[in-house]
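The values are calculated or read from the model by the stated rules, or taken from the named source; none is laboratory data. The model shown is predicted, which means the values in this text are computed figures rather than measured ones. Virtual Cβ from ideal backbone geometry, glycine too; neighbours counted across all protein chains shown.
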Amino acid sequence: MPKVGSAYGKKADFAGTIKAAGNYISRVDDLQQSSDMSIKDLLSGKNEDITSVVSAVAKADMSFKLLVGVRNKLIEAYKQTMNMPL
């Protein structure tokens, strides 16, 4: 995942954070599609290397679980912010 802030202590702006999140979502989607293609190739006989298929599926699964975890933390933070007294 791309870094949100720089190494020089510069604060990340909101637009940069959203852009980085969008890039990560695109990367997860690419991994999911690559995993699906690997499975289709294995089933059709184009690819006989099952270890590469298992590796692609595991990588896509781990990336998706990380994305869901980040989403859950963002939703939790939003709910806490909305429940703050003014």
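Output the residue which, of all residues in segment 69-86 that are among the β-branched types (V, I, T) and exposed (fewer than 11 other Cβ atoms within 10 Å of the Cβ), is farthest from Y24 (Cα to Cα).
Applying the filter and picking the extreme gives T81.
Name the single residue, out of those in segment 64-86 being in a helix (DSSP H, G or I) and among the aliphatic types (A, V, I, L, M), that is farthest from T17 (Cα to Cα).
Among them, the one singled out is M82.
Among the residues of segment 19-57, write down those that are at pLDDT 95 or above, of a type in the set (D, E, K, R) and closer than 24 Å to V68 by Cα.
If the condition is that a residue be at pLDDT 95 or above, of a type in the set (D, E, K, R) and closer than 24 Å to V68 by Cα, then R27, D29, D30, D36 are the ones that fit.
Could you list, in sequence order, the residues of segment 38-63 that are assigned to a helix (DSSP H, G or I) and farther than 19 Å from S26 by Cα?
I39, K40, D41, L42, L43, S44, I50, T51, S52, V53, V54, S55
If K3 passes every condition in (1) at pLDDT 85 or above; (2) under 14 Å from the mean Cα position of the chain (by Cα) but one, which one does it miss?
K3 satisfies all of (1) at pLDDT 85 or above; (2) under 14 Å from the mean Cα position of the chain (by Cα) except (1).
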